[in-house]
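A short write-up of the structure that comes next.
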Amino acid sequence: MSTLQNQLAVLEREEVGRAVRGLLREPWLSQASDPGLYEIVRRRQSPVRSWFDYYLGWSLVLDSSHGYARVVKAPPDRIDHGDLRPERRQRSSRAPFDRLRYILVCVVAAEALDVTTVTIGELADRVAAACAADDLLPKLRTDRQEHRRALVDVILSLEARGCLTTIDGQTQGYTDDAAAAVLYRVNPQALQQLLACAQGPSLAATDDVEVAEAIDAITDEAGYGPRHRESARLPYDGEEDPTRPTGAQRSRWARHSLLRRLFDDAAAHRDDLTEAELAYAASITGRAVIRQAAELSGFVLEERAEGYLLVDPDRTSGPNAFPNQGAPSAAALHLISGMLTAGPEGLSLSDLERHLATLMEQTPAWARTYRDDEGPARLTAEALGLLAGHQLVRLDQGRVVARPAAARYREATVTRPPRRTAAVVVDEQDGLFTDEGAPT
């Protein structure tokens, strides 16, 4: 291979890795939000799509005509800490969406689908009418500033994804003035990609279906076989059973579920893994696939006795980066220090709140937006949400305990993240899994 071909191969691998890491940080990428990264995804869409399909079982949707790329993720098998990655408001506070805002996302998207252009006043009237027509929906009062603020947060979020484009006016002006004139162009193709689910919602739209059953129905990934989540926790005896996944389906589910945990959370603890995931991780093929997935995506893989950790060598900031600049991130680092000192018993929520309250008293210029009666509690909740989302803490009988990966941040500061160490392989057990067709 010539020198030029070598250089092109290296460039392609670097760009594919950058695209994968970027889409893992932000699964919805618009050309307007990050034109450089979007161009790389567009140019390398084939190997990037193959990476997500093989290693995680997720699909990549790229719509060049409307300027967006979307990784259609599947929900985690278990949700132990609530909404770990909430939609956040497009403001400096980055506060998470509440129930009203989530509902408005759905109603605004539904009402905007059948128009090409719309003013904010017309959209607000349509949304208010739709909410009033359904007894289960909260009422939207456009004469109340807090409701207009909620609608503005939703519209700004849709603008960030390219679902709505401002033609004239400023969306933020509607918060203070219900008569503000703002005109939008609607992108119906992008709106239709907002909901990521394996099955169409209409399949579960019956009156006699419970909410939990409906969610299971639309998130069921049929390609892994019947009852695959339940079967993954049972030992495989080698015999085929039509009511359970085949051996190949079990192996594929083990690969995808394990790597989803690792690449979606950046950490996978062995005590969280199922029997099938542990067996896959210990097999020759499983170890090779994990390392290859990390290498092709440009991550540094750390293998330890407690599990696996991925490190982005570029330390590229993103909406879920940790540590980052902000009071919740700084508070999280302080809480890590306290929990590591407390040992395996951890600390109670009240202990953590008192710890941050004392810190706020000692540093009056810090965390200014949390200077009210409920401020320490809010800051504690946001800090713990950040830590839980990065698999750094766990809840144990009402107490918060630091997980092993948290020790790497013992001496960390917000402005200077800790140095990363090289990978150390600790598990050399062989297994019987076979895996072919991995992208290279």
(message) Just the number: Rg to Rh for segment 93-167, Cα atoms, Kirkwood Rh, two decimals.
(response) 0.93
(message) Keeping all protein chains in the complex and leaving out DNA, RNA and ligands, what accessible area do you get for His66 with a 1.4 Å probe, in Å² to the nearest 10?
(response) 80
(request) For segment 387-392, just list the computed ³J(HN,Hα) in residue order, Karplus coefficients 6.51, -1.76 and 1.60, θ = phi - 60°, integers in Hz, with x standing in for Gly and Pro. (result) 5, 5, x, 9, 6, 9
(request) Mind ranking Arg91, Arg368 by accessible surface for me, highest first, 1.4 Å probe? (result) Arg368, Arg91
(request) Please report the relative contact order for segment 323-417, taking Cα pairs under 8 Å with a sequence separation of at least 6, and give it as a percent rounded to a whole number. (result) 44
(message) Accessible area per residue for segment 29-146 in Å², computed with a 1.4 Å probe and the full protein assembly in place, what is it?
(response) 51
(request) With a 1.4 Å probe and every protein chain left in place, work out the accessible area per residue of segment 267-352 in Å², rounded to a whole number. (result) 39
(message) Can you give me the solvent accessible area of Thr116 with a 1.4 Å probe, rounded to the nearest 10 Å²?
(response) 100
(message) Can you give me the % of accessible surface on segment 273-406 that is carbon or sulfur? Probe 1.4 Å, all protein chains present, nothing else counted.
(response) 53
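The values are calculated or read from the model by the stated rules, or taken from the named source; none is laboratory data. None of the values given here were measured: they were computed from a predicted structure. The protein model used for the area step is the full one, side chains on, heavy atoms only, and it has no ligands, DNA or RNA in it. Shrake-Rupley method; radii C 1.70, N 1.55, O 1.52, S 1.80 Å.
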